[in-house]
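See below for the structure under consideration.
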Amino acid sequence: MNKVLAVAFLLTSFVGFAQENPESETKDSNLNKQADVEDSLKQLVKRSVPGFSSVQNMPSIQKDSIKDFLGDYQPAREVDSLWKVELLNSDLYETMNESVMVAADLDSVNYKVVSTDTLKARLARINAKTPFNVEYNPSLESVINYYIKRRKESVERLLSLSQYYFPLFEEKLDQYDIPLEMKYLAIVESALNPRAKSRVGATGLWQFMFATGKMHGLDVSSYVDERMDPVLATEAACKYLSNLYKTFGDWDLALASYNSGPGNVAKAIRRSGGNTNYWELRNYLPRETAGYVPAFIATMYLFEYAEEHGFKPYRPEITYFETDTIKVKKLIKFDQIATVTGVDKELLSFLNPSYKIDIIPYQEDEEYYIRLPLREAGVFVSNENLIYNFVDEQIANEKEEKGLPTYVNADDKIRYKVRSGDYLGKIATKYGVGISSLKRWNGLRSNRLKIGQRLTIYPRKPVATANVSNSSKGKSSSMKTYTVKQGDSLWSISQKFSGVSVKNIQKWNGISGSRLKPGMKLKVSNG
């Protein structure tokens, strides 16, 4: 038996002994004695486990009146506070969005940080080793100089974050034979924020819209948004980019179409007289797309020549390859995982951003995983039975006290219309969600709401659909119907009724496909 296990055994034994012999002293005395025993044994653990002093709380599970410390726990060093700030940042996304729009308008050199000759030579070296068309032009020079002059701090922070995400991106890009430089696309899209949400609802590191995400296998529910899952979303982005490249045969145009859609790029080709060079098409593309590829190439340049420009990113205390995933066997909450592993909830949220309300659900036909640092992953696996028994007791108590959110598919997401007297706190309380989540889902920068404004909500509390069951007096249930209009789809109709999904409409009306005819009457409640 190693030192740590021996200590855990002693601790449990001594505490148990103190509780099994109440006759020797009064109850208060026993409690004091138990506290003294725990304190002295914790000090022994500190001496036995290297690095323990850097962790504030030793993971333990309280069962009845006995506290079980997880004896084989080897505490990892705390994540450096500066690094943690970078992991959990949210403001870089807005900064990058602004930079893309600036890149669309910089047509002359406004800042002179790096000389034109030096820049031309460096761009030529990058062009020689990448399939992207990296050529010098004054617009690109303006963007690069602007980033160096005005975005130095942001670039340093992105360099820090990239040390966690880039190994994951490169692994997937290589698997799909996509240029590794495509990793910089995630910076332009989301500033490496897996929970980034645009004003139009694009979400995650690779900014998938709801429908596009569904097309590429990214599911969304009241618990999980797989668009925010770094691994699954990167896989989906690789598939999408591969298809775009097959369509255009050019990585610059694949980039442009990722941003504005293949249709807009095809229109630009026609309007330019058949040109297929991005820089020739640029003036025919939407304004944001006009700044998109320059921002991408400028980012590539700054990362390639970060040292030459004096950028000094923080070094990570944890990398992607220093984590591992564990398939969960029961519903489990982040605070429970934090209790039994010692990993704080902020780091859990960073490693597992797809779980929207800090709960990992369990369904027999689905697989959900928790990502943990390697050492803590070992602790979790080594103590699974003990941990799940602890979780079962806690969940049972919570269900009795206040209940857990019902699992609701994301097609059932709520579209809420703001009424007079509404404010974010009131709406958040009604649906059991956080104000920050409401703002993130709807791209809100402030707490201000307008009457009539539509909000997207993924409810944490169970949401009743528009069905009314028969009463004991024999009254028939009410049923709502909707007459299909020209241009309607199942999706657009579902958005008109709170708590009604596409699947609901199909089931209530015996529809297997999605084809509709104007004038058709549809049930929109389970009457």
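Each value in this text was obtained by applying a stated rule to the coordinates, not by laboratory testing. Quick caveat: nothing in here was measured; it's all calculated off a predicted structure. Backbone-built Cβ (ideal geometry, glycine too); neighbour counts: all protein chains shown.
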*Distance violations [Cα-Cα > 21 Å] among Lys172/Lys246; Lys430/Lys450; Lys239/Lys496*: Lys239/Lys496
*Among Val381, Phe311, Ser354 - extreme Cα towards positive end, dipole of the stretch 306-382, charges at beta-carbon*: Val381
_Starting from the 7 Å offset along Cα-to-Cβ, what nm value, one decimal, do you get for the label separation of Lys129 and Gln486?_
5.9
*May I ask for the distance between the Cα centers of the stretch 232-301 and the stretch 168-190, given as a whole number of Å?*
15
*Using 0.36 nm per residue, how much length does the chain from Glu171 to Arg445 gain when fully extended, once their Cα-Cα distance is taken away?*
95.2 nm
*In nm, to one decimal, how far is the modelled label at Leu374 from the one at Lys239, with both set 7 Å along Cα→Cβ?*
3.1
_Under 18 Å from the Trp279 label point (7 Å along Cα→beta-carbon), backbone N, the stretch 238-263_ = 250-256
*Using unit Cβ charges (K, R positive; D, E negative) and no other charged atoms, how large, in debye to the nearest 20, is the dipole of the stretch 163-260 about its Cα centre?*
400
*What pairs in Lys329/Lys356; Lys267/Lys523; Lys485/Lys507; Lys183/Lys312 have C-alpha atoms more than 29 Å from each other?*
Lys267/Lys523
_What does the extension gain come out to for Glu288 and Lys417, with contour length at 0.36 nm per residue minus their alpha carbon separation?_
43.5 nm
*Taking the Cα-to-Cβ direction at Asn389 and at Thr247 and moving 7 Å from each Cα, how far apart do the two end points lie in nm?*
5.6
